[in-house]
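Just below is one structure, and these are the notes that go with it.
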Amino acid sequence: MLILEATGTLADDGPDDFNWCREGELVYLGFQECRSSTTCGCDRSFNGFDSHRATSTARVAERPGLTIEQLARELATSLHAGGWIPSNDPGHELVGWLAAEIVDTANGYARFGIGALVTRSGDDLQLRPSAEPV
């Protein structure tokens, strides 16, 4: 299965890039943004499943043993631990929506190769033009 993961290889060494996630940690697109988009990076970030921290760059990765059901269980556990959903039920509507978005996004950018770097600005995702997939 193709997924998105955090990477210490930032898309740009500029001051707007950041990574506070673990290398290789599964990430999902943030779904709630604050009102301070000029001073905060939440509208440009992906959220880590385990660390509950953020990164401005995600990498397309292949996890051959991972199923959509396992992804949904891990995501439900993460969202529940973060206080976003009332239980760790993988059948929760938000879990299904985010799991599908993770897989769809990873599959969409996989045409650029496993390792392709993806950034976001609000709802707009883009391949990092200078990214060299590994």
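Is it fair to say residue 61 is modelled with pLDDT of 95 or more and touching a strand residue (DSSP E or B) at 6+ places or on another chain (Cβ under 9 Å)? Spell out how you get there, then give the answer.
Details: modelled with pLDDT of 95 or more: yes; touching a strand residue (DSSP E or B) at 6+ places or on another chain (Cβ under 9 Å): yes.
Judged against the criteria, residue 61 is a match.
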Checklist entry - When residue 97 is evaluated against the numbered criteria (1) open to solvent by 20 Å² or more (accessible area, probe 1.4 Å); (2) over 24 Å from residue 80 (Cα atoms); (3) modelled with pLDDT of 90 or more; (4) of a type outside the set (S, T, N, Q), which criterion, by number, is the only one it fails? => result (2)
Item to check | Test result for residue 91, open to solvent by less than 40 Å² (accessible area, probe 1.4 Å) and out of contact with any Ser or Thr (no Cβ under 7 Å at 6 or more places or on another chain) | outcome: no
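Select from segment 55-66 the residues that are part of a loop (DSSP other than H, G, I, E, B), in contact with a helix residue (DSSP H, G or I) (Cβ under 9 Å, 6 or more places away or on another chain) and open to solvent by less than 60 Å² (accessible area, probe 1.4 Å) and list them in ascending order.
56, 66
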Checklist entry - Among the residues of segment 67-87, is there at least one that is hydroxyl-bearing (Ser, Thr, Tyr), in a loop (DSSP other than H, G, I, E, B) and under 19 Å from residue 1 (Cβ atoms)? => result yes
Checklist outcome for this item: Taking first residues from segment 82-109 that are more than 15 Å from residue 31 (Cα to Cα) and free of Cβ contacts under 8 Å to residues at least 60 places away in the same chain and second residues anywhere that are surrounded by 12 or more Cβ atoms within 10 Å (Cβ to Cβ) and among the polar types (S, T, N, Q), the pairs with Cβ under 7 Å that are 6 or more apart or on different chains are 88/77
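The values are calculated or read from the model by the stated rules, or taken from the named source; none is laboratory data. The structure displayed is predicted, hence computed values, not measured ones. We place every Cβ from the backbone using ideal geometry, glycine too, and count neighbours over all the protein chains shown. For accessibility, only protein heavy atoms count, side chains too; no ligands or nucleic acids. Shrake-Rupley method; radii C 1.70, N 1.55, O 1.52, S 1.80 Å.
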